[in-house]
1. Based on the alpha-carbon gyration tensor of segment 142-239 and its eigenvalue square roots a ≥ b ≥ c, which shape applies: rounded if a/c is under 1.5, prolate if not and a/b is larger than b/c, or oblate?
2. Taking 0.36 nm per intervening residue step and subtracting the Cα-Cα distance, what contour gain separates MET77 from GLU148 on full extension?
3. Treat the count of other C-beta atoms within 10 Å as a stand-in for reagent exposure and order VAL185, VAL7 from fewest to most.
4. Could you state the number of Å between the C-alpha centres of segment 53-73 and segment 196-213?
5. In nm, what is the difference between 0.36 nm times the number of residues separating ASP22 and THR236 and their Cα-Cα distance?
6. Say each of ALA30 and VAL7 gets a label point 7 Å from the Cα, pointing the same way as Cα to Cβ; how far apart are those two points in nm?
7. Determine the alpha carbon to alpha carbon distance for each of LYS150/LYS252; LYS177/LYS252; LYS177/LYS258; LYS177/LYS248; LYS136/LYS252; LYS150/LYS177 and list only those over 23 Å.
8. If each of GLU168 and LYS258 carries a label point 7 Å out from its Cα toward its Cβ, how far apart are those two points in nm?
Amino acid sequence: MEVFARVIRGAWRYVTTVGIKDYLDIALIACGLYWLLKLVGKSRAVSLGKGVVVFLFALWISGTLKLQGVYYILSHMVELGVLAAVVLFQPEIRRILEQLGSSRLSKLNPFAHVQQSSAIGSAIDQTVIACTDMSKSRTGLLIVFEREMKLDDIARTGTIVDAQVSAELLKNIFFVKAAMHDGAVIIRDGRLLAGGCMLPLSHNANLSRDLGMRHRAGIGMSENSDAVVVIVSEETGSISVAIGGMLKRHLKAETLEKLLRNELLPQSTEEMQEKFRLHLPKLHREGKEDGQNGDQ
């Protein structure tokens, strides 16, 4: 107990010597580490981050064991570490700066959030219509709905479109003789970002042999990101959705719409839209009554 009390008193003395500036300094460092870990966790830089940890551990071990040759080489490599990090993480760094300037700050605006959710809802509706029509005609389709993990590197393998999502546009892109029909379409925040994109194939040996390249690409994309991938089979016309490496097959249009809304739209937004739709006829009737009273 005496040792415990001594530790408490020592800790309290240390806390009392810390000023407001020190707390601010700690908070800023914590925020920086949080965003760094968030960046590494949501990008393809995970393996690179692990490599950096291994390198630092080797540097510490060589210094502790006094391995002069290894420590000399590693310590001089650290001098180039900042430049190497900028080169390796350039896409992620640029994305963070862009988000700080515009997109992430716009989320503080509730109207912008509602507008974005409305765009995603419209994109889902148009996707369901396109999938239904293309399922009947047995036309292959591959649509990637981006979520938290940005897919800029995948988008760069295709053609940037940046257009409003419509069923006719999707059907034109995946028309058999169209230039981009063999690739995938990426949808970001309810807008069609790019078409004709190449996706990584799944290396899962347990996949069914009747799955073609389009399904393997969709599953591979869901394994390497948090995206929701919609697939229409060219051979059978069946509609499938890949999420987290798992494939849900033979979906009906109603099931597809419900699944996409559950995965892509927050529940609160869905409830708000549902309430708005329920109150819309009532508001419409009240407007008519007011108009009739005004005419009288």
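None of the figures in this text is laboratory data; all of them are computed from the coordinates on show. Bear in mind that the values here come from a model prediction, so they are computed numbers and not experimental data. Cβ placement follows ideal geometry from the backbone for every residue including glycine, while neighbour counts extend to all protein chains displayed.
1. Oblate is the answer for segment 142-239, as a/c is 1.5 or above yet b/c matches or exceeds a/b.
2. Separation in residues times 0.36 nm, less the Cα-Cα distance, equals 22.2 nm.
3. With the sparsest Cβ surroundings first, the list reads VAL7, VAL185.
4. 42
5. 70.6 nm
6. 2.1
7. Distance filter (> 23 Å) returns LYS150/LYS252; LYS177/LYS252; LYS177/LYS258; LYS177/LYS248; LYS150/LYS177.
8. 3.2
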